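The values are calculated or read from the model by the stated rules, or taken from the named source; none is laboratory data. This is a predicted model, so every value here is computed, not measured. Note that each Cβ is placed from the backbone with ideal geometry, even for glycine, and that neighbours are counted across all protein chains shown.
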Amino acid sequence: MIYLDNAATTFPKPECVYRAMDEFLREKGANPGRAGYRMSVEAEQEIEKSRMIVGSFLGIKKTERMVFTCNATDALNMGIKGLLSEGDHVITSKLEHNSVSRPLKGLENKGIITVTWIDNSDEGFIFTDNIKSAIRPNTKLIVCTHASNVLGTIQPIKEIGEIARQSDLIFMVDAAQTVGVCYIDVEDQYVDMLAFTGHKGPFGPPGCGGLYVGERVELNAWREGGTGFEPETLSQPDTLPYKLESGTPNTVGIVGLRTGIEFCIKESIDKIRQHERKLAMRLINEFDSDDRFEIYGSIDEGRKVGIVSINIKSLEPGEVAAILDNSFDIAVRSGMHCAPYVHRESGTFPQGMVRISPGYFNTIDEIEETIVSLKEIAGSVC
């Protein structure tokens, strides 16, 4: 099979990730931090080692502010719902995944907050001047994606972070598509909260992710329960990371996430991004010159991650994806990609697009085979 759905989940994982997770479960798979025996202590040490390495990778100076979560959706809900209160105003974009849009819309529908949705260019970039003009006296949060999961366009988060900092606002970034692929430094880019997942760019398993909580941010606990810290009190600890890490952690997933990050460091994110960009640009260059295909978003390779979204004229995207799967053994993602605003703005609502997202372990030969297959499909109807 040719797997080209890496924007959903990277596959395969590096061998070192499989080995590290297997070794942990066999040798250190106890409940971390809840007991004094050696295996429990070693499991807790694995978490803290992971916190230090992942935090350093993202430019986080105080690693206790690096909170492990179930995934990016969990982290975004933790940050959004833990920060906002009645009467607050939020600025976001129309490029957002439902992991941002739905929590905000839910709070807005309950009359708790108000939201301004910023337009983007036809190429898929946020109009930053519109952010400035949208700021109100009660604005508390600016939240946006780092890279669109539909169009692949990379947003100018440092510029947006500067706008937020100058206005004393909290700036939150959804980095689900960029950790492990793009440069991220929360201090340099003025990011107050960074949400990410482990199973995409970092090459970790599903079920793990993280939330950076900057020093300017005070969050209410998203969930409460056992932490292994201050067990004698019935109140949730107020100390990070324990305040936001209730319940038995996914330690084996955290180990996998850390090992994947170590792989990214060893290979270098520049090398990873250049490879994915090369494969994506091969697709773009081929389909941009063929009028049977429609390409969405910017084709500027310097402003994209490895996502190429297309449609074949006269064919539904779901049909194209099904033919690729059943006839050519090629896996891509069709539909709305959990981002309805993007499709409304792109004119592809409700049918969606065909998203092709090559990863680090894909080859140029696989891309060539995919191009031939898509042209054969297009030739059957056009």
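Restricted to the stretch 233-262, and to residues there that are of a type in the set (V, I, T) and surrounded by fewer than 19 Cβ atoms within 10 Å (Cβ to Cβ), the residue that is nearest to V41 (Cα to Cα) is T248. Residue-level check: of (1) at pLDDT below 95; (2) in contact with a strand residue (DSSP E or B) (Cβ under 7 Å, 6 or more places away or on another chain); (3) not acidic (D, E), S314 misses just (2). Checked against the criteria, A322 does not count as surrounded by fewer than 22 Cβ atoms within 10 Å (Cβ to Cβ), of a type in the set (G, A, S), more than 24 Å from F203 (Cβ to Cβ) and in contact with a Lys or Arg (Cβ under 6 Å, 6 or more places away or on another chain).
The numbered conditions (1) out of contact with any helix residue (DSSP H, G or I) (no Cβ under 7 Å at 6 or more places or on another chain); (2) surrounded by 18 or more Cβ atoms within 10 Å (Cβ to Cβ) are all true for G36 except (2). For the stretch 135-176, name all the residues that are touching a Phe, Trp or Tyr at 6+ places or on another chain (Cβ under 9 Å) and more than 30 Å from E86 (Cα to Cα). Correct list: V150, L151, T153, I154. Within the stretch 14-62, the set of residues being aromatic (F, W, Y) and modelled with pLDDT of 95 or more comprises Y18, F24, F57. Among the residues of the stretch 213-223, none qualifies, meaning not one is closer than 27 Å to L257 by Cα, at pLDDT 95 or above and part of a helix (DSSP H, G or I). Of the strands (runs of 3 or more DSSP E) entirely within the stretch 35-142, those holding at least 2 residues that are without any contact (Cβ under 8 Å) to a residue 60 or more places away in the chain and assigned by TED's automatic domain parsing to the domain that holds L219 occupy 88-93, 113-118.
If you go through the stretch 362-382 and pick out every residue that is aliphatic (A, V, I, L, M) and touching a Pro at 6+ places or on another chain (Cβ under 9 Å), you end up with 1. Scanning the stretch 166-177 for residues that are touching a Lys or Arg at 6+ places or on another chain (Cβ under 9 Å) and in contact (Cβ under 8 Å) with a residue 24 or more places away in the chain, we see that the one that is surrounded by the most Cβ atoms within 10 Å (Cβ to Cβ) is Q177.
Looking across S309, S380, S373, S314, one residue alone is within 20 Å of D290 (Cα to Cα) and under 21 Å from the mean Cα position of the chain (by Cα). It is S309. Looking only at residues of the stretch 88-114 that are of a type in the set (A, V, I, L, M) and buried (at least 17 other Cβ atoms within 10 Å of the Cβ), we find that the one that is nearest to L194 (Cα to Cα) is V100.
If you go through the stretch 306-319 and keep only what is surrounded by 21 or more Cβ atoms within 10 Å (Cβ to Cβ) and more than 7 Å from V354 (Cα to Cα), you end up with G306, I307, V308, I312. With respect to G180, determine if the residue is assigned to a loop (DSSP other than H, G, I, E, B), under 26 Å from A35 (Cβ atoms) and not assigned by TED's automatic domain parsing to the domain that holds R303. It is false that G180 is assigned to a loop (DSSP other than H, G, I, E, B), under 26 Å from A35 (Cβ atoms) and not assigned by TED's automatic domain parsing to the domain that holds R303. Just one of the listed residues (T259, T251) is among the polar types (S, T, N, Q), touching an Asp or Glu at 6+ places or on another chain (Cβ under 8 Å) and over 28 Å from L84 (Cα atoms), namely T251.
The rows are residues; the columns are (1) touching a Leu at 6+ places or on another chain (Cβ under 8 Å); (2) closer than 25 Å to F263 by Cβ; (3) of a type in the set (A, V, I, L, M, F, W, C).
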residue	(1), (2), (3)
G87	no, no, no
V90	yes, no, yes
E108	no, no, no
S121	no, no, no
I131	no, no, yes
